[in-house]
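A.B. asks: Below are the structure tokens for one structure; questions will follow.
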Amino acid sequence: MPQLPVLEKIREFLTAEQVAYREVHHQPTYTSEESAQARGEEIRIGGKALLLKVGENFRLFVLPANCKADSAAIRNELGVRKTRFATRDELLELTGLVPGCVPPFGHPILPFDLYIDTGIKRNDKIAFNAGSLTDSIILATADYLRIARPTKNFAFAAQ
């Protein structure tokens, strides 16, 4: 049985969880700034999802799109010595996605433990590219935090 595209999995998941959302179809976007502009939202509303290899395992980290991940904070919090971004090839192999379209969901959408930066809570909504460079979803942050079921929330974003 073929796997559903990530966008379809997200739609089904949000519907099953009874979450209201808005979908925006736009020109391809490759940066957080381009995505925010295409959605008509401030960049801080964006939820940037980064796949990192932490120790021996890949894990998904979500932070406000106007921030950068603080690798030292991640290493300290998780008690590991080394972190690195997934390569383009690793990302494609593990998710079927290219950089810039990874949604901010671990299980059941993507097979990774999920870590959400506490800065996400500062916004009343979250917007993200939903498995493609041309499709975004916007929903209430409270709903996102309820259904995302992160492994852990902690501060790991830097301006």
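A.B. asks: Normalised by the number of residues in the chain, what is the relative contact order in percent for Cα pairs under 8 Å and 6+ residues apart?
C.D. replies: With pairs under 8 Å counted, the relative contact order is 30 percent.
A.B. asks: Let me ask something additional. Full extension from Gln37 to Arg75: what is 0.36 nm times the residue separation minus their Cα-Cα distance, to one decimal in nm?
C.D. replies: 10.4 nm
A.B. asks: Provide the FRET efficiency to the nearest 0.05 for the Ile147-Asp89 pair, computing r from the beta carbons and using R0 = 25 Å.
C.D. replies: Once the sixth-power term is evaluated, E becomes 0.25.
A.B. asks: Send over the Kirkwood Rh of the stretch 79-145, from the inverse of the averaged 1/r over different Cα pairs, rounded to one decimal Å.
C.D. replies: When all Cα pairs of the stretch 79-145 are included, the Kirkwood radius is 13.4 Å.
A.B. asks: Something else: Comparing Ala73, Ala36, Ala130, which has the greatest mean-square fluctuation in the GNM of the chain with Cα pairs linked when under 10 Å apart?
C.D. replies: In the Gaussian network model the winner is Ala73.
A.B. asks: So what's the projected area for the chain, the Cα convex hull averaged over all directions, in nm²?
C.D. replies: Taking a quarter of the hull surface, the average projection is 8.9 nm².
A.B. asks: Another question about this same structure. Where the accessible area of the stretch 54-159 is counted over protein heavy atoms with a 1.4 Å probe, how much of it, in %, is carbon and sulfur?
C.D. replies: Result for the stretch 54-159: 48 percent of the exposed heavy-atom area is carbon or sulfur.
A.B. asks: Here's another thing I want to ask about it. Calculate, for the stretch 25-140, the solvent-accessible area per residue in square angstrom, rolling a 1.4 angstrom probe over the heavy atoms of the protein chains.
C.D. replies: The answer is 47 Å² per residue.
A.B. asks: Here's something else I'd like to know. Stretched out fully, how many nm does the piece from Lys53 to His107 gain, at 0.36 nm a residue minus the Cα gap?
C.D. replies: Gain in length upon complete extension: 17.8 nm.
A.B. asks: Residue separation times 0.36 nm, minus the C-alpha to C-alpha distance between Ala140 and Phe13: what's the value?
C.D. replies: Answer, rounded to one decimal: 44.2 nm.
The values are calculated or read from the model by the stated rules, or taken from the named source; none is laboratory data. These numbers were taken from a predicted model, which means no experiment stands behind them. As a convention, Cβ positions derive from the backbone with ideal geometry for all residues, glycine included, and neighbour counts pool all protein chains shown. Heads up: the accessible areas ignore ligands, DNA and RNA and are worked out on the full protein's heavy atoms, side chains in. Shrake-Rupley method; radii C 1.70, N 1.55, O 1.52, S 1.80 Å.
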